[in-house]
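All of the numbers you see were taken from the coordinates with simple rules; none came from a lab. Small disclaimer: the values here were computed from a predicted structure and weren't measured. We place every Cβ from the backbone using ideal geometry, glycine too, and count neighbours over all the protein chains shown.
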Amino acid sequence: MTSDTDFRRVHEVKAATLWTFEALWNGNYEANRALISRSPGVSQLFGKFGDVPSVIAGAGPSLEKNLHLLNNVQNRAAIIAVDTVLMPLLSAGVSPTVTVMLDPQPDVAVFFSGVNTSRKTLVAPSIASPKALSEWKGEIVFYNKFAPDIPALSRIASQSPELGYLIPGGSVLSVGLDLAFRMGAPSIGFVGQDLSYPPGGRAYVPGTTYGDVDTDSALANVNEEIVLETDIFGRSLRTKKSLSVTRQWMEWAFVNLRRDGAKASFYNLTEGGIVTRDCFVMSLAEWSGRFLRESFNLDWRLKKAFQKKKR
């Protein structure tokens, strides 16, 4: 059951987002109009991967233990990478099927700078930073943020409804989860989604632009409330309020995202973290053995899905 504390955290995060970003959203969308008009929308991916399992890769420190296993997952599952983790994945020889972004700020461009993205696919919001988009050399697929309670975002989305919608849910991790669901994945796993900061360790998987920063240093520079959450081992861990809201949204999604009246199947493969309710908890190795039974030509799937894009 959702607690009063959870509701308060959601309200505070949403209020802070509105205050900070409304002018940026409008400016970015206007600057992106021409690119949007000649690019595919995320709706062209919906339902096109109904036989392909999917795994969402976050940048949490636990991902380090699973990087080598993701090599074996390629072409047997769709790998959806959050923007932060693109460089560590590529360095490990893992080429994600798609990369997703959410943050509209220009700082996101650093995740793509110097990276060869010429044959890769980015799923980006219509309000993404033009600077970040200019760093991406491959295909860009746009989506509207589903936020009916935020007038500015609803107004922007109404100008390009054909793009399709994804639910932000507090972070880019939840965007990846919603994308996997709407693509039709029969089994949806997620790795590197700690959503918390275990004591004495790294804050992120090695190889991100954040460097080898430890959890204490990372939290010392956070400009938001720090809260406590319980992880899968029963430990009380510190995290950012925004990540607590992401945990809440994910656990809502596990119950409420349905196909033909049945809940989708979600698997926490992180081997840690604070996402504990209404999903199956197992290792990536076990999930792979259970569900990855054939190989797919995922590049061809993407090209076929985008054949009707605007010119």
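Restricting attention to region 8-166, the count of lysine pairs at 8 or more positions apart or across chains with alpha carbons under 27 Å apart stands at 11. Put in line by how crowded their Cβ is, counting other Cβ atoms within 10 Å and starting with the fewest, D107, D194 read D107, D194.
Given a 10 angstrom Cα cut-off, can you work out which residue in G58, G189, G289 is the most mobile in a GNM of the chain? It is G289. Think of each Lys and Arg Cβ as +1 and each Asp and Glu Cβ as -1; about the Cα centre, that makes the dipole of region 32-98 roughly 220 debye. Ranking P198, P186, L86 by Cα position along the charge dipole of region 4-305, where only Lys, Arg, Asp and Glu carry charges on their C-beta atoms, puts P186 farthest toward the positive end. Computed 3J(HN,Hα) for region 34-39, one whole-Hz value per residue from the Karplus formula 6.51 cos²θ - 1.76 cosθ + 1.60 where θ = phi - 60°, is 5, 5, 4, 5, 10, 10, glycine and proline marked x.
Restricting region 220-311 to chymotrypsin sites (Phe, Trp or Tyr not before Pro) that sit in a DSSP loop and have at most 13 other Cβ atoms within 10 Å of their own Cβ leaves F233. Amide H to amide H distances under 5 Å link V82 with A57, V100, where only residues 5 or more positions off or on other chains count and H is placed in the peptide plane. Of all aspartates and glutamates in the structure, those lying under 15 Å Cα to Cα from K304, and not within fewer than 8 positions of it along the same chain, are E139.
Rounded to whole numbers, the Karplus 3J(HN,Hα) couplings from phi for region 231-237 are 8, 5, 9, x, 7, 8, 10 Hz, using 6.51 cos²θ - 1.76 cosθ + 1.60 with θ = phi - 60°, and x at Gly and Pro.
Here the Karplus curve 6.51 cos²θ - 1.76 cosθ + 1.60, taken at θ = phi - 60°, turns the phi angles of region 75-92 into couplings of 6, 10, 8, 6, 9, 9, 9, 6, 4, 4, 9, 4, 4, x, 5, 4, 5, 8 Hz, with x standing for Gly and Pro.
With contacts taken as Cα pairs under 8 Å at a separation of at least 6 residues, the chain carries a relative contact order of 24 percent.
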